[in-house]
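Novice: Mind having a look at this structure? Questions to follow.
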Amino acid sequence: MRRFFLAVFCALALSLSALAADAALPSLEAAVNVREDGVCEVTMTAEVDFSAAQDSLLIPLGTDARDITLAGWSYETVLQDGVTCLKLSNPAGFSGKQQFTCSYTLPCRAAEAADGQQFRLSLPETGWDYAIDSYSLTMTFPAQVTNAPEWTSGYYGDVVDNYLDIRTQENTVTAKSTAAMRDHETLTVSVQFPADTFNLRDQPGKTAGFDRIAFLVLLAAAVAFWFLRLRSGLILPRAQQTIGMESTAGEIPCQLLGEAPDAAGMIVHWGNLGYLTVRMSRGRVILYKRMEMGNERKPSERRFFAALFRAGASCEAGGLRYQAAVREMQAPILTGWRRRMFTGGNPLVLRLLGAAAGLFASLLTFDRLLPATGSRWVWLPVLTALGTAACVLVQRGVGSLFRRRRALALALGGLSAIALVIFGVLAGSLPYQLLSLLLQVFCAGTTLFGGRRTSAGEEGLRRLLGLRRYLRRADSASLQRLTLQDPQYFYRMLPFAEEMGVGGRFVRCAAGLELEPCLWLEGAAPRRAGDFFARYAAVCARLRGEDGRASAVPCRPAPRPAARTASRPAPQRRTPPFAAPEPQRPPMRPHRREEYDPDEV
């Protein structure tokens, strides 16, 4: 048995020897021209002797080799242990003595050192598959070589200079092997130069150290600010199927997100209460006052209502008077709700800290990606600004989850996150980009509902989240029951559903309902939920100015026609399209409140 294993071992050894003897490398010459920026221009000539036909050959070059030129042969670029190599292919097979001349460029091999600058080059870097009988390396530097080069190799270590004939003449260093080099042998040379020998100002990664420190500091500052000023407990939804009429639908953004009120939601809500009607004709939306607004509504609502109808009983959406009234009402209403619902720090500070951290993560990434040219200092701030904008888009995408219009924000946020990850992979800064993305999601998610809340704010948020959950999942049986109790339930709740970003879902849930005519929308109002929602969306788009129509000085809408007397018959003429007929039923005045919260404005 022992003789059998010995025979197998000898056979394997002989076969491996035969495979290794399929080719040899009699000569390898490399000429390196080192530029002032530390970039190496290499021309390598290898003579290979094939004792048997081979269909492929692997030529090692160096890490990040580029601008590769090899004439006369087909090849592909591969990576072996992180080193760029050329894989040559010949269907007919390589045989006999063949010479291969390859030119390529290696990125900067110079770096700052404690006592000047150090040039370090490995050539060959991974070694050939065959032993090298004769090796010659010539390096030409942009300055005179005043210090003796230091040599190391994979097999001989720092005593490899005993097997090399090294000569230095002014700015040229030549090394020739005095003995054969083994297969997979590597050779590294290190030369010390005075400071400012190489121009390293444009090298990638010049700002990397500062970028890392600034990113980590901002990351810690964002987490500390959240913990000290914005941290709050978990708020769970509370079951809710309807909502009181004290707060208008347009004020839902103030209560839910801490953002400015929506004029369209407030106007539609007033329509449901009987204060006004809306007529849409030929792309124009006209508001008609049905009754005065008394002290049953908040002072801020009364001021907005009075501003809309200051010049008469009608107002055209998009007109100058309408736009001025909308601008004047937003700040007081938002301030009142913030005072009542929120406490602690400003959520904008946390978002700004997250965006600033994203700025330095982007600076680190693009500083590594851009080539070592003077123009990199032009492109670096531009690309860094784009990276910061991508971080802001990620925040907006996360923050749009409970908003009306979120599809575009989510799409842009997702594409921005993918782009930042790709650039992080290319630049080798993926951990920092992932941390930056997590920070953007954290900053947007923790401030999704406007930050730390008061006890009243937490209770209001529970009710709104419960109502939102019901409106997006409402079953037909409960909707039918609520509609029987209140025939205008769908029209009253649709503005709230839309302001909370579930208007489409609520309309689909109510698709089977048979609706009564809408009291505030004049004209032939649809009786199906989907048809009404399409017209409702068109009206609200005009009220919000989202229909793309330019706001010009409009014609003053004509007043409602007065009653004619019997002595003077009315002339036969067409009624203007914006003059709405008298309402079919008298308005019902909302319930009056006896007193107001002192925080209301």
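The values are calculated or read from the model by the stated rules, or taken from the named source; none is laboratory data. None of these values were measured; they are calculated from a predicted model. Every residue, glycine as well, gets a Cβ built from its backbone with ideal geometry; the counts of neighbours run over all protein chains shown. Just the protein is used for accessible areas: all its heavy atoms, side chains included, with ligands, DNA and RNA removed. Shrake-Rupley method; radii C 1.70, N 1.55, O 1.52, S 1.80 Å.
Novice: Would you say GLU251 is open to solvent by less than 10 Å² (accessible area, probe 1.4 Å) and at pLDDT below 90?
Specialist: Judged against the criteria, GLU251 is not a match.
Novice: Here's a follow-up. Listed residues ARG508, ARG549, ARG527; which is at pLDDT 90 or above and surrounded by fewer than 16 Cβ atoms within 10 Å (Cβ to Cβ)?
Specialist: Exactly one residue qualifies, and that residue is ARG508.
Novice: Sort out which residues of the stretch 217-245 are farther than 30 Å from ASP475 by Cα and open to solvent by less than 50 Å² (accessible area, probe 1.4 Å), and write them in order of number.
Specialist: Hits for the stretch 217-245 are LEU218, LEU219, ALA221, ALA222, ALA224, PHE225, LEU230.
Novice: Continuing with this model, one more query. Could you go through the stretch 127-140 and let me know if any residue there is at pLDDT 85 or above and in contact with a helix residue (DSSP H, G or I) (Cβ under 6 Å, 6 or more places away or on another chain).
Specialist: no
Novice: Can you tell me how many residues in the stretch 271-303 are part of a helix (DSSP H, G or I) and touching a residue at least 60 places away in the same chain (Cβ under 8 Å)?
Specialist: Residues in the stretch 271-303 being part of a helix (DSSP H, G or I) and touching a residue at least 60 places away in the same chain (Cβ under 8 Å): 5 in total.
Novice: Under 9 Å by Cβ, and 6 or more places apart or on different chains, what pairs join a residue from the stretch 369-395 that is free of Cβ contacts under 8 Å to residues at least 60 places away in the same chain and closer than 17 Å to ILE422 by Cα with one that is open to solvent by 60 Å² or more (accessible area, probe 1.4 Å) and β-branched (Val, Ile, Thr)?
Specialist: VAL394/VAL441
Novice: A further question follows. Given the conditions (1) in contact (Cβ under 8 Å) with a residue 40 or more places away in the chain; (2) out of contact with any helix residue (DSSP H, G or I) (no Cβ under 9 Å at 6 or more places or on another chain); (3) not aromatic (Phe, Trp, Tyr), which single one is not true for SER455?
Specialist: (1)
Novice: Just give me the residues in the stretch 277-297 being touching a helix residue (DSSP H, G or I) at 6+ places or on another chain (Cβ under 8 Å) and open to solvent by less than 10 Å² (accessible area, probe 1.4 Å), in sequence order.
Specialist: Passing the criteria: THR277, VAL278, VAL285, LEU287.
Novice: Just one of GLU514, GLU459 is more than 24 Å from ARG282 (Cα to Cα), open to solvent by 40 Å² or more (accessible area, probe 1.4 Å) and not in a helix (DSSP H, G or I); which is it?
Specialist: Answer to the selection: GLU514.
Novice: Of all residues in the stretch 131-173, count the ones that are among the aliphatic types (A, V, I, L, M), without any contact (Cβ under 8 Å) to a residue 60 or more places away in the chain and closer than 26 Å to THR197 by Cα.
Specialist: Residues in the stretch 131-173 being among the aliphatic types (A, V, I, L, M), without any contact (Cβ under 8 Å) to a residue 60 or more places away in the chain and closer than 26 Å to THR197 by Cα: 5 in total.
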